[in-house]
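Colleague: Mind having a look at this structure? Questions to follow.
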Amino acid sequence: MNGSRWERELTNRRENKLGSIVFGNGQLSQALNGLSDRATEAKEFLVQLRNTVQHIQENGVEFEACLVAQCDALIDALNRRKAQLLAQVNKEHEHKLKVVRDQISHCTVKLRQTTGLMEYCLEVIKENDPSGFLQISDALIRRVHMTESQWGKGTLTPRMTSDFDLTLDSGPLLQTIHQLDFVQMKVPAAPILQLEECCTQNNSATLSWKQPPLSTIVVEGYILELDDGNGGPFREVYVGTETICTVDGLHFNSTYKSRVKAFNSSGVGQYSKTLIMQTSETGLPPCDIQSIGTVAWFTFDPVSAHPDIVFSNDNLTVSCNSYDDRVVLGNTAFSRGVHYWEMTIDRYDNHPDPAFGISRGDVLKDVMLGKDDKAWAMYVDNNRSWFMHNNSHTNRTDGGITKGSTIGMLLDFTRRILIFLINDEQQGPVAFEGLEGAYYPAISLNRNVQVTLHTGLPIPDFYTPGEADPTSSVC
């Protein structure tokens, strides 16, 4: 029995030792695999460094040749300027010689004439004929005085100096030559889009970007480009020094491609990667017919409103200080999809007739909505309503509003129509047809009315949108 026990212990020891060896071998193999990976990376890194050495040598030769060419170009320019300056000196030289030579010639002629007159007068004085002398003496005296007067002031003064009044102003050029140095002349690298900061909200898109971490090239600005949301060409939407930009006024329910590039005095760099962004998320399944209806959140716009409009409730509630009608728009324009929003009547005194509808951005702000050709509206009192566009009143319909009433507006670009509702019931027929372009939600009111805007609403259950325009749908 003792022998069997020792045999079992020996066997256990051998098995434990074998297990330890196997376990140790596994750990060593794992460690060797990791070390092997590092060795492989090191080899690849050495290859990269050797390639870098070769590229440095090649680029050095190219750079030296470029430097020589640039210096030679400067020398050529200096030689050309030297030739121009020498030509200017030669011109001044010839001018001085001409002036002096002309004066020499003129003075020589006058001196010859004067000498001849003097010799003639001396011969006349030597004559012994008094009567002949008396006949010509007065004329000779006058001629002598006239000749003397011709040698008046300035005649014997040099008209030209021998000095050249030219001084070469080489100081700025010498200073520039001394300041001649290397500057960074490369275009910037492609920016990197910061995806975690890029987002869309309603029909706005915010993009953020940065330069590559190791880039040392000076950047003077950026150019952000978006397409038209329908696969069309890119267009510039921002040029400046900021690295974040929000683009408003995009189409709802659209897919936009965006990209950005940097520039400096040397030129424009490469584009970043293209980022695809979807406006106005509906949370509905793709290609569902209801996905044509775009859920949008917006407020009244205090910037474009008439000064008499009073805002409250985070720009969701408006009233007016004037007895006259004043217009206020929403801060978002629609041009695609199907949209529905409502306004509730918070205050309604003395039976006014506010007007609800849509308009262009340049609509008149000091008249009732619908008076000009830039607005499509329904104005309503406590008993009835009318549709109005360009001051044309149509479709009188019974049914008015009171405090607490709700006015709904349904804008359908798939059918290009506008429908009005009062208290969840359609008011009259389709109000307007053939609508195209961008429209802002709008209202006109006076001091007897206060309304509150409600957005982000689904399409009413009774309404079925038309088929989506294949040129504008993202499905």
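The values are calculated or read from the model by the stated rules, or taken from the named source; none is laboratory data. Here the structure is a predicted model, which means the values were calculated and not measured. With ideal geometry, Cβ positions are generated from the backbone for all residues, glycine too; neighbour counts draw on all protein chains shown. Just the protein is used for accessible areas: all its heavy atoms, side chains included, with ligands, DNA and RNA removed. Shrake-Rupley method; radii C 1.70, N 1.55, O 1.52, S 1.80 Å.
Colleague: Of all the residues that make up region 168-217, how many are outside any strand (DSSP E or B), open to solvent by less than 60 Å² (accessible area, probe 1.4 Å) and of a type in the set (Ser, Thr, Tyr)?
Modeller: 2
Colleague: Now a separate question. Mind checking whether some residue in region 463-470 is surrounded by 14 or more Cβ atoms within 10 Å (Cβ to Cβ), among the small types (Gly, Ala, Ser) and over 37 Å from the mean Cα position of the chain (by Cα)?
Modeller: Among the residues of region 463-470, at least one is surrounded by 14 or more Cβ atoms within 10 Å (Cβ to Cβ), among the small types (Gly, Ala, Ser) and over 37 Å from the mean Cα position of the chain (by Cα), which makes the answer yes.
Colleague: Could you give me the residue pairs with C-beta distances under 6 Å whose first residue belongs to region 92-118 and is within 18 Å of Lys153 (Cα to Cα), whose second residue is assigned to a helix (DSSP H, G or I) wherever it lies, and which are 6+ apart or on separate chains?
Modeller: Thr114/Thr147
Colleague: Which one of Ile401, Ile407, Ile417, Ile422 is touching a residue at least 60 places away in the same chain (Cβ under 8 Å), out of contact with any helix residue (DSSP H, G or I) (no Cβ under 7 Å at 6 or more places or on another chain) and among the β-branched types (Val, Ile, Thr)?
Modeller: Ile407
Colleague: To continue, here is another question. Condition test on Lys261, is it touching a Pro at 6+ places or on another chain (Cβ under 9 Å), at pLDDT 85 or above, surrounded by 12 or more Cβ atoms within 10 Å (Cβ to Cβ) and basic (Lys, Arg)?
Modeller: Yes, satisfied.
Colleague: Next question. Out of the strands (runs of 3 or more DSSP E) lying entirely within region 377-422, which hold 2 or more residues that are open to solvent by 50 Å² or more (accessible area, probe 1.4 Å)?
Modeller: In region 377-422, the matching strands (runs of 3 or more DSSP E) lie at 384-389, 392-398.
Colleague: Pull out all pairs, ordered by first then second residue, where Cβ-Cβ is under 8 Å, the residues are six or more apart or on different chains, the first lies in region 341-363 and is touching a residue at least 60 places away in the same chain (Cβ under 8 Å) and open to solvent by 10 Å² or more (accessible area, probe 1.4 Å), and the second is small (Gly, Ala, Ser) and part of a loop (DSSP other than H, G, I, E, B).
Modeller: Every condition considered, the pairs that remain are Thr344/Gly404; Thr344/Ser405; Tyr348/Ser405; Arg360/Gly437; Arg360/Ala438; Gly361/Ser304; Gly361/Ala333; Gly361/Ala438.
Colleague: Out of Gly370, Gly337, I need the residue that is buried (at least 19 other Cβ atoms within 10 Å of the Cβ) and out of contact with any helix residue (DSSP H, G or I) (no Cβ under 9 Å at 6 or more places or on another chain). Which one?
Modeller: Numbers: Gly337 fails: out of contact with any helix residue (DSSP H, G or I) (no Cβ under 9 Å at 6 or more places or on another chain).
On inspection, the qualifying residue turns out to be Gly370.
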